[in-house]
Every structure is written in C-alpha cells, then in structure tokens.
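Working notes for the structure below.
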Amino acid sequence: MKKKGYVRAFKAAFPYTIPVLTGYLFIGFAFGVMFQEKGYNFLWAIFMSVVVYAGSGQYLAVNFFVPGIRFVDVIFMTFMVNVRHIFYGLSLLERFGRAGKKRAYMIFSLTDETYSLLCTTKIPEGVAEDKFLFAIALLDHLYWIAGSAIGAIAGAVIPFNAQGIDFAMTALFIVIFTEQWLAGGKRIPAVIGVVSAVLFRILCGSDNFVLPSMICIMICLVSSRKYIEKNSEKGEDTYAA
Amino acid sequence: MPLSTGKSLLIIAVVSVVTFLTRVIPFLLFPKGKEIPPLIKYLGAVLPPAVIGMLVIYCLKSVNLFVYPHAAPELIAAAVVVILHIWKRNNLLSIGVGTVLYMFLIQQVFI
C-alpha cells in the first residue's frame, strides 16, 4: 500500500513539474557544457548536480576550479549567491515538519523552482501531502541531474538553436505570479516583492541586488503587518497559507 | 582538469555544504516541535508571493532598457504569457507559447 501511495504521488506531481523539466534540462545542459569545457567529464557534472543542486550556485562554482583558488572565497561567494534561500524555509516549517524521514532531503532540495511549486501547488485529493511534495522535489532534482549529464556528454553540440529556451524558467515564475494575483489574496506582498527587486536592481546593479532586495522585502512585510492582516480580515487580501 | 581530484572534490563538498547551510538555517532556528512565533508564521505566509515577484525580476536581471533591443523580446514575451494565462489559465500553454515566442524573437526578429 505504501508503495502505491508513492506511485500515485509521482503521477499526480508530474504535470506540475513539466515547466521545470523544460527549464532544468536546458539550464542544467548549459552547466554541463561549461563544466566539461573546464576539463571535467559528465561523471563530475552528475556528481556536482547530485550533491550541490543549485542553478546559479553551480554556474558560479565553475569559476572556482582554477589553481590558487582560496576556500574562503569559495565559501563567501557561494553563500552570497544563495543567500535568498535563507528565507525560503520560513514558509515550509510546518509542512516539512510533517515530512518524516524525507525532511532532510526536502530542505536540501529547496531550489527557487521547487520552493515556488511547493508553496503554490494545491495537493490533489487522494494523495498524501508528504509524498506529493517529495515527488515534486525529487522529479525536479532528476531533471537537473539529467540536464547537466546531457550537457557534459554532448558538449557544445546542440541539435537545434536553443538560444533563449531558458525563458521557460522566467515564464514559470510569471505564470505562478499571475495565478497568485488572480486568486485575489496576497497582492500587497507581491507588489512589495516586485518593487523592492526593481528598485535595488537599479540601485545596486544586476550582480548585487538580491540580498538588499530580500532585506527590504522583510522590513516592508514586518512593518506593514497590521495593515496586511487587517485587510485579510476584511477579506480583501487574505494571507493565510 | 586544472586541479587535482582531491582538491576538486573538496571544492564541490564546500559548495554543497554552504548551499545546504543557506537552506537549512530557518529549520535550525525553529526546530521541529518548537512553537513558531506568530511573526514568523506571518512571514512564512506572506513571503512566497513577495519572493516569486522578486524571482521574476531576478530572471530578467540582465536586460538593459538603454541598449538595443531595449528589453523588447523580454517585455513582449512576458506580456504574452500574462495575457494568455489570464485568458486560458493553462500553465503549460502559457509557458510553452511564451518560451517559443521568446526564442523566435531573439533568434529571428531582434538580431
């Protein structure tokens, strides 16, 4: 019976992960190509995608494989490029608390895309929550591993001009954003997120705006808590998860 | 390979641990079974829409409004995704059409 629950969960989760499948295959592919050009074959690419599993983090990490690299730089730069992840777990404390033995893996695999799917996808009826969330996380991870392996094996040989296919990831976030907007609730936090990011993208440039944006978002959300909660009571803007 | 196998493995291990650390911090601060403060519960509920808004901008961070093609492919494709999604409410359709359109725009139109 237990096994059947997983089969059902993976079947139910798969359609929700198709956009990530498209995006990860190609972003992972690009990572595999870059790593292979550095002199690391597909086994290295697979290994790194299994144990690290971070898009921008692994792109950045390719630059670490040079003589004379200092570990303090590796630690600091990796931390900075992933710093937004610090805030993701806050939305999943209770859900992951119910994940049992899978909890550690759920935390490990919390990428931007998986976080967005976990927070916004309704659990289908007849499927266990923990198994459904685990299925999303594991499928996404497998797409990422497969993409980087194919990239490292195929090298720069792409059967068609795939330039721009990584827009699938952008489109996924736009769709999730639109869906949340149409649902009616949480519009104030959504606006806070977009405005903060645009503001600090302009002020700090494309490489250094994520941390100040996240801090600004936290300050705005905390300071407007009364207002947001009051609006949710009136039913204009619900924030309950 | 520019580095030895040992050093390469060590770099991957460090990147893995630091990445995991950024993801695990909230779970260390608020361990299972411990009462979650109301402010954190509130933040957990309102953060996803804010973060997703931030991630849309993060994906578009490299566009430059002041240099040709003035972010036109991104803006056109993003607008089509939004309009198509409001109209049909079909995730795969919106993402598929938007991506193919974007690829066509940057490969054929705005060269």
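Across peptide A:115-122, the average count of Cβ atoms from other chains found within 10 Å of a residue's Cβ is 3. Per-residue mean of foreign Cβ neighbours for A:65-72 is 3 (Cβ atoms of other chains, 10 Å radius).
Enter the mean number of other protein chain beta carbons within 10 Å of the beta carbon of each residue in A:74-87, as an integer. It would help to have the intermediate numbers written out before the result.
Values: counts 6, 5, 1, 2, 9, 4, 2, 4, 7, 1, 5, 8, 7, 10.
Across the residues of A:74-87, the mean count of other-chain Cβ atoms within 10 Å is 5.
Rg then Dmax, both in Å and based on the Cα atoms of chain B: 21.0, 57.
For the protein assembly as shown, taking the reciprocal of the average inverse distance between every pair of different Cα atoms yields a Kirkwood hydrodynamic radius of 21.1 Å.
Chain B: longest stretch without exposed trypsin sites (Lys or Arg not before Pro) (DSSP loop, at most 16 other Cβ within 10 Å), sites themselves excluded? Within chain B, the longest run free of exposed trypsin sites (Lys or Arg not before Pro) spans B:1-31.
In the calculated pair-distance distribution of region A:2-166, the portion above 25 angstrom amounts to 36 percent of the Cα-Cα pairs.
Here region A:2-63 yields Rg over Rh of 1.12, to two decimals, using C-alpha coordinates and the Kirkwood radius.
Bear in mind these aren't lab numbers, they're just calculated from the coordinates by the rules spelled out. None of these values were measured; they are calculated from a predicted model. No Cβ is skipped: glycine too gets one built from the backbone with ideal geometry, and neighbour counts run over all protein chains shown.
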